Amino acid sequence: MIKKNYFICIALLFSSFSSHIKAESVKPNINQTDVFAQNPKKNLAPIPLDSTKADNFIDIRGMGDSGMALTYRQPPSPDSNLGDGLPANFGVRLDRLDATGKSYRGDLSFLNWENVVGIRCNTFRGTSSRNSFTFVSHPENLAQAYERGFNLIGLANNHSWDCPRGENGLDGALMTASHMANLTQNLGANWLWHGVGKPQEKNVAVVQTMEIKGRSVRVAFASLYLGGACNNITCISDRDAILRSLRDAHADIRILSLHSWKDQTQQQLVNLGSSFIRQYNGDIVFGHGPHVWRPVTIVNKLSGKQGIMFQSLGNFIHPNLRARGQDMIGRVLIDADTFEIRQVQGIPLRVNSASATFEGSPNPSTIPTNNFTWRPINSPEWQEDVSPHIRGVYVNLPY
């Protein structure tokens, strides 16, 4: 009887201990409320387009070749109409694309502005022909863009020098820089623009502290043209100085805008972008120039982290760029605590000169990649309150 009671006691003790362990193992962790706890990094669901719903992320978006100019013409007034009967006003064109702005507006939103900025050009570069184009846009268009969230403006490209003699005898690049400085002051604009200016200005990255979702984030940005027209334009001769200045900047995020001209310079763009991320601790490359999209590439850093290169975003809103059918918005979601990239999204557009829409846009799975595979976005929450025609793809990092 004593032996039997002994085993009964042992059994009851073991049962009690097991129940206690089981109860402890299923007890919820009340601190487990962030998006990473709910979604392991590689299974992170598509982050909604509404940037205000991405509390744990710094939301960065990029668009390609943009402007509001007609070749070899004085800059159209924003209250005048283009040939399609709509205003030559970048803000109006953005509102027609998406009145909410949620498709293109991140915490940081990038444009490649492929125009000289000015009120008047007294001498255009070259002469008008089938293969020669010059673009000068009214500065009000960039004010409209800023008011809708565009705060990263790349100005170094093959049209930065389209007006050798502009207002007050300035060449196009310095005229652009002058208007950008005036806009910054008049708007009280907290933005980063780069790519034109005097020699001591154009070969140094700009760094700005941005207040993003209650955090102070230091952003370093530069814009570089892979061509040789270097008079007051950041170009290939400034390459090493720009890379060093981005690397050495006291910054949390480093972004480089690169513009190619021909096939040869597009390969240089890819090589330079890869080097920037791998060897100079870069985070994002926004490439443009071919007027169509090119592969999106994940680049491993020497540190073991990963950056992303959009070899070309294609076109955005620009009256003189014809429809090519391969244009996109590139979106990058960065962990707001570690500053590591966690998700990349590709969002196709249908662009026809100064008009852009999501209706009839290409299948997002056709956005090319180099070393990863997109996953389709099939979430109603992702596109909430935006056009029902918008579609996208995504990939999570590390990949």
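Being out of contact with any strand residue (DSSP E or B) (no Cβ under 9 Å at 6 or more places or on another chain) and either of a type in the set (Val, Ile, Thr) or over 20 Å from Arg322 (Cα atoms) (or both) is the filter here; which residues of segment 340-381 pass it?
Residues satisfying the conditions are Asn378, Ser379, Pro380, Glu381.
Please enumerate the residues belonging to segment 300-314 that are closer than 21 Å to Leu108 by Cα and part of a strand (DSSP E or B).
Selection gives Gln306, Gly307, Ile308, Met309, Phe310, Gln311, Ser312, Leu313.
Table: residues versus (1) polar (S, T, N, Q); (2) touching a residue at least 24 places away in the same chain (Cβ under 8 Å).
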position	(1), (2)
Ser260	yes, yes
Asp263	no, no
Leu269	no, yes
Val285	no, yes
Gly289	no, yes
Val292	no, yes
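Only residues that are assigned to a loop (DSSP other than H, G, I, E, B), surrounded by 17 or more Cβ atoms within 10 Å (Cβ to Cβ) and either of a type in the set (S, T, N, Q) or at pLDDT 95 or above (or both): list them for segment 222-244, please.
Leu226, Asn232, Thr234
Specify the residue that is surrounded by the fewest Cβ atoms within 10 Å (Cβ to Cβ); the eligible residues are those in segment 376-385 that are closer than 27 Å to Thr297 by Cβ and touching a residue at least 60 places away in the same chain (Cβ under 8 Å).
Checked segment 376-385; the qualifying residue surrounded by the fewest Cβ atoms within 10 Å (Cβ to Cβ) is Ser379.
Going by the conditions given, is Gly149 crowded, with 16+ Cβ neighbours inside 10 Å, touching a Ser or Thr at 6+ places or on another chain (Cβ under 9 Å) and either modelled with pLDDT of 95 or more or more than 18 Å from Arg120 (Cα to Cα) (or both)?
Criteria met by Gly149.
Run Ile317 past the list (1) under 23 Å from Tyr225 (Cβ atoms); (2) not in a loop (DSSP other than H, G, I, E, B) and report the number of the one that doesn't hold.
So Ile317 meets the others, but not (2).
All but one of (1) of a type in the set (A, V, I, L, M, F, W, C); (2) in a loop (DSSP other than H, G, I, E, B); (3) more than 24 Å from Phe57 (Cβ to Cβ) hold for Val351, so report the exception by its number.
(2)
Sort through Ile277, Ile253 and tell me the only one that's more than 20 Å from Trp113 (Cα to Cα), of a type in the set (Val, Ile, Thr), surrounded by 19 or more Cβ atoms within 10 Å (Cβ to Cβ) and touching a residue at least 60 places away in the same chain (Cβ under 8 Å).
Sole residue among the options that is more than 20 Å from Trp113 (Cα to Cα), of a type in the set (Val, Ile, Thr), surrounded by 19 or more Cβ atoms within 10 Å (Cβ to Cβ) and touching a residue at least 60 places away in the same chain (Cβ under 8 Å): Ile253.
When you look at Asn315, is it touching a Lys or Arg at 6+ places or on another chain (Cβ under 8 Å), buried (at least 18 other Cβ atoms within 10 Å of the Cβ), on the phi > 0 side of the Ramachandran plot and modelled with pLDDT of 95 or more, yes or no?
no
Among the residues in segment 309-325, are any among the aliphatic types (A, V, I, L, M) and either in contact with a Cys (Cβ under 8 Å, 6 or more places away or on another chain) or more than 28 Å from Gly91 (Cα to Cα) (or both)?
No, the conditions are met nowhere in segment 309-325.
Looking at Gly346, Gly330, which is the one that is in contact (Cβ under 8 Å) with a residue 60 or more places away in the chain and either buried (at least 24 other Cβ atoms within 10 Å of the Cβ) or in a strand (DSSP E or B) (or both)?
Gly330
Here is a yes/no grid of residues against (1) in a strand (DSSP E or B); (2) modelled with pLDDT of 95 or more; (3) in contact with a strand residue (DSSP E or B) (Cβ under 6 Å, 6 or more places away or on another chain):
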position	(1), (2), (3)
Thr176	no, yes, yes
His179	no, yes, yes
Asn186	no, yes, no
Ala189	no, yes, no
Gln200	no, no, no
Val204	no, yes, no
Gln208	yes, yes, yes
Val217	yes, yes, yes
Ala220	yes, yes, yes
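Can you name every residue in segment 256-274 that is small (Gly, Ala, Ser) and surrounded by fewer than 23 Cβ atoms within 10 Å (Cβ to Cβ)?
Listed by number, the list holds a single entry, Ser274.
Give the number of residues within segment 379-396 that are closer than 21 Å to Gly360 by Cβ and in contact with a helix residue (DSSP H, G or I) (Cβ under 8 Å, 6 or more places away or on another chain).
3
Considering only residues that are among the β-branched types (Val, Ile, Thr) and buried (at least 16 other Cβ atoms within 10 Å of the Cβ), which ones fall in segment 349-366?
Within segment 349-366, Val351, Thr357 meet the criteria.
The values are calculated or read from the model by the stated rules, or taken from the named source; none is laboratory data. Since the model is a prediction, treat every value here as computed from it, not as a measurement. Neighbour counts run over all protein chains shown; Cβ positions are idealised from the backbone, glycine included.
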